[in-house]
Amino acid sequence: MKATDFLLCVIDASGGIVNGRTLLQKRAFFLSELTGIDAELRFDAHYYGPYSSTVEGTTTQLKILGFIQEASTGFGVVSGGFEIKRYDYSLTDDGRRLVGRLRNTQEYKAIESGMQRMIEAGDPNYIELSIAAKAYFLLKKKGDEMSTSELQREAEKYSWSISPQSIDRAVHFLESLGLAKEA
């Protein structure tokens, strides 16, 4: 499946709108893992957990083509003069028409099912989903079971600071999705 089609399906399966770049990245990450669909997204370690420059570039491409709309919401300015914004993505009429052609595919059904599994597992916000993505990234990379303290130590190697409570919630979410073994 092409990255463009995959992201359109992710946004559609999210109710037609995704509130925030980080949430879009993490949903794409988990849905690619849950479905096994290879959209060549290539996730690497980043500040907020697994990140794909392909997701970022494809999002820009979809905006230029008129299939998604980006809206920003400002939340003020922090010390140092940096503005805080959230970028939300929604399907345009053309995007909905294109997704309409994809809805009968096995890939779309898998993405929709994966999104439903994420909702049933607690539908975490972008922060919790970022922590769960970090934990999963580390567990997958390490290839074996890890304790909470081991996960914290591994996370520090990427400059990720994660509390034990956050790790426990993340692991519970991953267990609910079948992406981590129950302790």
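Filtering 100, 114, 95, 80 for residues that are in contact with a Phe, Trp or Tyr (Cβ under 6 Å, 6 or more places away or on another chain) and either among the acidic types (Asp, Glu) or in the same structural domain as residue 39 (by TED's automatic domain parsing) (or both) leaves a single hit, 95.
Report yes if residue 162 is outside the structural domain of residue 48 (by TED's automatic domain parsing), surrounded by 14 or more Cβ atoms within 10 Å (Cβ to Cβ), closer than 18 Å to residue 29 by Cβ and of a type in the set (Val, Ile, Thr), otherwise no. Even if it seems obvious, please write down each step before you answer.
On the way: outside the structural domain of residue 48 (by TED's automatic domain parsing): yes; surrounded by 14 or more Cβ atoms within 10 Å (Cβ to Cβ): yes; closer than 18 Å to residue 29 by Cβ: yes; of a type in the set (Val, Ile, Thr): yes.
Yes: the conditions hold for residue 162.
Within the range 65-74, is even one residue of a type in the set (Ser, Thr, Tyr) and under 16 Å from residue 90 (Cβ atoms)?
Initially, the range 65-74 is screened for residues of a type in the set (Ser, Thr, Tyr), giving 72-73.
Among the residues that remain, those that are also under 16 Å from residue 90 (Cβ atoms) are: 72-73.
Within the range 65-74, one or more residues are of a type in the set (Ser, Thr, Tyr) and under 16 Å from residue 90 (Cβ atoms).
Answer with yes or no whether residue 130 is hydroxyl-bearing (Ser, Thr, Tyr) and surrounded by 11 or more Cβ atoms within 10 Å (Cβ to Cβ). Yes: the conditions hold for residue 130.
Listed by first and then second residue, the pairs linking a residue in the range 28-55 that is aromatic (Phe, Trp, Tyr) to a residue that is surrounded by fewer than 18 Cβ atoms within 10 Å (Cβ to Cβ), with Cβ atoms under 7 Å apart and 6 or more places separating them unless they lie on different chains, are 51/44. The test for being modelled with pLDDT under 95, of a type in the set (Val, Ile, Thr), within 17 Å of residue 18 (Cα to Cα) and assigned by TED's automatic domain parsing to the domain that holds residue 9 holds for residue 73.
The values are calculated or read from the model by the stated rules, or taken from the named source; none is laboratory data. Just so you know, these numbers come straight off a predicted model, no measurement behind them. With ideal geometry, Cβ positions are generated from the backbone for all residues, glycine too; neighbour counts draw on all protein chains shown.
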